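In what follows, a single structure is set out as structure tokens and then discussed.
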Amino acid sequence: MSDIAAAAFATVHAVLAFRREVDITPMAYLRQVRLARARQELVAAEPGTQTPAASLTRSAIPGSTASGPAGSNPRKGNTTCGVA
């Protein structure tokens with residue numbers, strides 16, 4: 001836990017307080033925010049084009065794709081992060 005706090009330039013207490021308040025780990029929250037922003041960019045993009053967010057999302061999160069969770073479609077507003 002102290003490694004996570006140090007990487008975030010925070011105290012262990014702050015990391016634990018974040019999790020209690022938001023009910024999600026800081027890393028999971030960051031992942032959700034990044035994916036939500038990438039989806040917004042993809043929805044706004046012209047069909048057939050690749051946005052910078054698509055490239056970053058594919059390489060930044062091993063095992064995931066820019067399209068989001070299995071079965072979701074950003075153009076149809078299916079998201080788990082509350083972004084439609």
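The values are calculated or read from the model by the stated rules, or taken from the named source; none is laboratory data. Note that the coordinates shown come from a computational prediction; the quantities given were computed from them, not determined experimentally. Here Cβ is always computed from backbone atoms with ideal geometry, including for glycine, and neighbour counts include all displayed protein chains.
Which pairs turn up if I take residues in the range 1-26 that are at pLDDT 85 or above and look for partners that are loosely packed, with under 13 Cβ neighbours inside 10 Å with beta carbon separation below 6 Å, at least 6 apart in sequence or on another chain?
Taking only residues 6 or more apart or on different chains, the pairs are 12/1; 12/2.
Output the residues belonging to the range 34-55 that are exposed (fewer than 12 other Cβ atoms within 10 Å of the Cβ) and assigned to a helix (DSSP H, G or I). Give the derivation first.
Going through the range 34-55, the residues exposed (fewer than 12 other Cβ atoms within 10 Å of the Cβ) turn out to be 44, 46-50, 52.
Selection gives 44, 52.
Within the set of pairs 6+ apart or on separate chains, which have a first residue in the range 28-49 that is among the acidic types (Asp, Glu), a second that is at pLDDT below 90 and assigned to a helix (DSSP H, G or I), and C-beta atoms under 9 Å apart?
Pairs that qualify, where the first residue is among the acidic types (Asp, Glu) and the partner is at pLDDT below 90 and assigned to a helix (DSSP H, G or I), are 41/52; 41/53; 41/54.
How many residues does the range 1-27 hold that are surrounded by 11 or more Cβ atoms within 10 Å (Cβ to Cβ) and in a helix (DSSP H, G or I)? Before you say what the answer is, go through the steps one by one.
So in the range 1-27, the residues surrounded by 11 or more Cβ atoms within 10 Å (Cβ to Cβ) come out as 4-8, 10-12, 14-19, 22, 24-27.
This time we only want the ones that are in a helix (DSSP H, G or I), so: 4-7, 12, 14-19, 22, 26-27.
Number of matching residues: 14.
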